[in-house]
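Here's the structure we're looking at; comments come further down.
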Amino acid sequence: MKFSIQGDGFYFDDRKVFLNSGEIHYFRIRRELWERHLEAAVQAGLTTVSTYVPWAWHEAEEGVFDFEGKTCPERDLKGWLDLCHAKGLFCILKPGPFILAEFRGAGLPGWFLDRYRDGIKMRNRKGEIFPSDGVSLFNDIYLEKVSLWYDRVMPLIAERELPAGGPVVMMQICNEIGVFSWLARQADYGNAVRERFIAFIIEKHTSIAEVNDLWGTSWRSFTDIELPPDGRLPYLSMEDLGRDHEWHNFWRKYYGDYLRLLAGMARERGVTVPLYHNLPGWIYGQGYEFPVNITMYEDLFGDRSEIIFGVDHIPEFLSYRNMHDDRIINDITHAMQGDKPMFAAEFQCGSREYNVVTNPREMELFCKASIANGLTGWNYYMFSQGRNARQKGYSGETFYWFTPLTPEGERTQIFPLVKRMSRLLKTSGDIIVNAKRKAEICVLFYPPYYATELERPCDAACELAFIPSAIRRPAYFDGLLKALQLLNIDYDMMDLGRSSTDELKKYKQLWVFCTDEMNAADQQTIVEYTMAGGNSVLFPYLPDREISQKSCTIIRDALSVYPCGSESIDSPLVDIFDLKDIKCANPQIIYSEQSLSGAEVIARNINGHICGFSKTLGRGKLIHLGTWVGFDTEGHKPVYEMILERSGAKLRQSSAGKSTLTVRERFTKKNSAVLFIGNYYNEEQTGKITYTHPGSGETIAVPYFQEEMLWPALYGILSPVCLEISDGLKILHCTSDIISIEELYGQLEIIVYGNRDLQGEIVFEGANVNRIKSATMRGKTVKMLRDNDRIALLYSHKHRTEMILNIIIE
């Protein structure tokens, strides 16, 4: 058998699969309990288990390695892998060097940190070591010791890869390396950083005169260049801000070079399995900082490395507050890394904080929503709770809480859910991994607006009307993107810097969050798309400079439109189209009547001044709002809706009668689909759902016959659509989890599970649907309703109980 990554999928041989994995740390579980945990993983339906391999654990003394449990039974990595193989489980290994994982020292050996601390630690611009577990990644001593660690651990992994007859199918290269600077808002100024920065600048610029012109400096040669200030000193000029953007670009190259170096070292030592790196970004249950983290690895996307990227999904408490975050994270990841699998390498299954008590109900909703939002693999983090060896745990003895298994292997209330999700994946997995969104609307993502982990304060020296970091969350992440999801709009996301005009032409409308700064090539892409017949929506500014701060007005010039000023008003309101008193933000960018010849005025501020227009550009149209409205009043919904309707696009493949219900539909090339219906509110809702038949294009309703259905609080369904179960017979949709399907002796046996407050409904269609004669459940006849070539069966769910639906076929 062979495991591989092909395009956007994980494959075992030629079969595309959903990677269903759980995290179990062998070094945090007593050796005699390993088998119990792995047997539970098998019984939960997992195909794969994942674990860190801590350098600090296996080289507790310099030069003394233990992978066989000679010094401690829980160091027997070879035994762990052999046991996984014996149980039929595949393995993902994460040998660092950094693992983080709430392990003291982030997984680096204590002897190494003690002995070499002064030489390896990250330093601020004053040369002081700043509080962090990070080290200078290109420090010679650090790389020498990492090389020696890899000399020992990589051959062991290579010998136990799947092609060699072992269980290892994938490996993580280091872990979340940008997190240290992100959390501290502090770059490393130690070791060879300055030399690498100068080399980076030399590669990008032809002369020091060019650099001086951009940065407002007076260096005599490249070797005179000093590193930019720390993150607390305000920008001194716009040229200083331009230099800071270059500083951020350097760190993207720095991290890319480091991970490519480690990947090469692993390959040189025989490792052949696919490699990935993990991306963090959730803060207290919200993901608005994730885009900052993913842009830090921009130099590794596309064909610049073989590494794919996994994401964290840690919502803590799921609700209306953060219901949009996981989709945005998935969309941005897909936009940046392209045609690669969407893998949640750390998918919430428990909590690393004792005061964050997760529960199965929220987790179930999140599991189903994440699949609907494009996941093709997850790693439950954690599947097993652990106990740290003495003085090894960042949070003391216990590692993680509220997981499916305790350290002793006892099963908790989460375990049945994991098992049920595995069975659901087995039944509907082929549709899930092949289903794609159909969208005629596209939102552009612009990475430079998130290259800000080291951003300094913008004071009086900044001449920007809009600072991206100050408004991107309310205007974009929690504004536009949340509104589109609440409106159940089908949209794709593309990385503006990686998108060609031809790629964008398939969309009828582009939404572009843009501020003062946008590079010339990117401005040109928007102009070309619009002139080719597209509809563009730009807010809150028409750019007037590049990221380097060089003047650039390509969009303005194409429109022949230039603002005449800006206004800031106490409690600002704006009229948009015929919508009055819409809450907006300051400032509003103002345009004169004379400058808008041939344009339609669509927005005026509270003073009656124009702050929005629509204008023909080539064969297309460009809508511009010189402000942003966000999404924090009910008045904002119709604003987005009206602009969307101007696109002429099909906005929804599925829809809800009420805005309190969320629906998603994704389609395969084989005329099947997956349908998600979710209620993120902590109270039940009633409503009717419609979706698009993947074969005929017909609009189908849920419930099929009734007017409305009650949808339980914090609950969702994930139904296959047009799932073929026998010749001439398909399941059209189902409000239950379909656990298994068997055809036995002239009858179908379908095991289902559902919420007791939700009406059970399974609808069949196909040429042989009329061969269904009757159905029973728990010995009672199930109500059956016929509609031409379809039959609906209606039943009640029993609380926390799987139910067998027996269907008699003629």
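The values are calculated or read from the model by the stated rules, or taken from the named source; none is laboratory data. Quantities reported herein were computed from a predicted structural model and do not represent experimental measurements. No Cβ is skipped: glycine too gets one built from the backbone with ideal geometry, and neighbour counts run over all protein chains shown. Accessible surface areas use protein heavy atoms only, side chains included; no ligands, DNA or RNA. Shrake-Rupley method; radii C 1.70, N 1.55, O 1.52, S 1.80 Å.
Things to note:
- Qualifying residue in region 726-735 (condition: under 31 Å from the mean Cα position of the chain (by Cα), within 19 Å of residue 669 (Cα to Cα) and among the hydrophobic types (A, V, I, L, M, F, W, C)): yes
- Within region 144-181, tally of residues that are part of a helix (DSSP H, G or I), open to solvent by less than 40 Å² (accessible area, probe 1.4 Å) and of a type in the set (A, V, I, L, M): 8
- Qualifying positions in region 494-512 - assigned to a strand (DSSP E or B) and either open to solvent by 10 Å² or more (accessible area, probe 1.4 Å) or more than 25 Å from residue 652 (Cβ to Cβ) (or both): 494
- Elements of type helices (runs of 4 or more DSSP H) contained in region 9-96, each with 2 or more residues being under 21 Å from residue 271 (Cα atoms) and touching a residue at least 24 places away in the same chain (Cβ under 8 Å): 55-58, 77-86
- Hits in region 786-810 (condition: open to solvent by 50 Å² or more (accessible area, probe 1.4 Å), of a type outside the set (Gly, Ala, Ser), in a strand (DSSP E or B) and more than 23 Å from residue 745 (Cβ to Cβ)): 786, 787
- Annotation: residue 438 fulfils all but one of (1) more than 26 Å from residue 279 (Cβ to Cβ); (2) surrounded by 19 or more Cβ atoms within 10 Å (Cβ to Cβ); the unmet one is (2).
- Residue in region 249-261 that is open to solvent by 20 Å² or more (accessible area, probe 1.4 Å) and more than 24 Å from residue 171 (Cβ to Cβ) present: yes
- Test: residue in region 792-806 that is under 25 Å from residue 698 (Cβ atoms) and either modelled with pLDDT under 95 or among the β-branched types (Val, Ile, Thr) (or both): no
- Every residue from region 257-297 that is within 25 Å of residue 381 (Cβ to Cβ) and in a helix (DSSP H, G or I): 258, 259, 262, 263, 266, 290, 291, 292, 293, 294, 295
- Enumeration of residues in region 582-613 that are part of a strand (DSSP E or B) and open to solvent by 40 Å² or more (accessible area, probe 1.4 Å): 583, 600, 601, 604
- Flag not set for residue 272, criterion: in contact with a helix residue (DSSP H, G or I) (Cβ under 8 Å, 6 or more places away or on another chain), under 23 Å from residue 485 (Cα atoms) and of a type in the set (S, T, N, Q).
- Once region 182-216 is narrowed to residues that are assigned to a loop (DSSP other than H, G, I, E, B) and under 29 Å from residue 267 (Cβ atoms), the residue that is modelled with the lowest pLDDT is 191.
- The residues on offer are 597, 551, 568, and the sole one that is within 22 Å of residue 518 (Cβ to Cβ) and either over 34 Å from the mean Cα position of the chain (by Cα) or among the small types (Gly, Ala, Ser) (or both) is 551.
- Just so you know, in region 692-712 the residues that are among the aromatic types (Phe, Trp, Tyr) and assigned to a loop (DSSP other than H, G, I, E, B) include one that is least open to solvent (accessible area, probe 1.4 Å), and it is 704.
- Against the test of being farther than 28 Å from residue 37 by Cα, of a type in the set (Val, Ile, Thr) and touching a strand residue (DSSP E or B) at 6+ places or on another chain (Cβ under 9 Å), the options 358, 333, 376 yield a single qualifying residue, 333.
- On the stretch given as region 374-423, residues that are part of a loop (DSSP other than H, G, I, E, B), open to solvent by less than 10 Å² (accessible area, probe 1.4 Å) and among the polar types (S, T, N, Q) total 1.
- Filtered by the rule that a residue be open to solvent by 10 Å² or more (accessible area, probe 1.4 Å), of a type outside the set (A, V, I, L, M, F, W, C) and either modelled with pLDDT under 95 or touching a helix residue (DSSP H, G or I) at 6+ places or on another chain (Cβ under 9 Å) (or both), region 617-633 gives 618, 619, 621, 632.
- Comparison of 477, 466 shows that the only residue that is over 16 Å from residue 331 (Cα atoms), aromatic (Phe, Trp, Tyr) and crowded, with 19+ Cβ neighbours inside 10 Å is 466.
- Any hit, region 544-551, residues being in a strand (DSSP E or B), in contact with a His (Cβ under 9 Å, 6 or more places away or on another chain) and within 25 Å of residue 242 (Cβ to Cβ): no
- In region 357-373, the residues that are in contact (Cβ under 8 Å) with a residue 60 or more places away in the chain, under 21 Å from residue 283 (Cβ atoms) and open to solvent by 10 Å² or more (accessible area, probe 1.4 Å): 362
- Near pairs, Cβ below 8 angstrom, 6+ apart or cross-chain, from region 411-437 (touching a residue at least 24 places away in the same chain (Cβ under 8 Å)) to any residue that is part of a helix (DSSP H, G or I) and charged (D, E, K, R): 417/364; 421/364
- Boolean, residue 689 is open to solvent by less than 10 Å² (accessible area, probe 1.4 Å), closer than 14 Å to residue 759 by Cα and touching a Pro at 6+ places or on another chain (Cβ under 9 Å): yes
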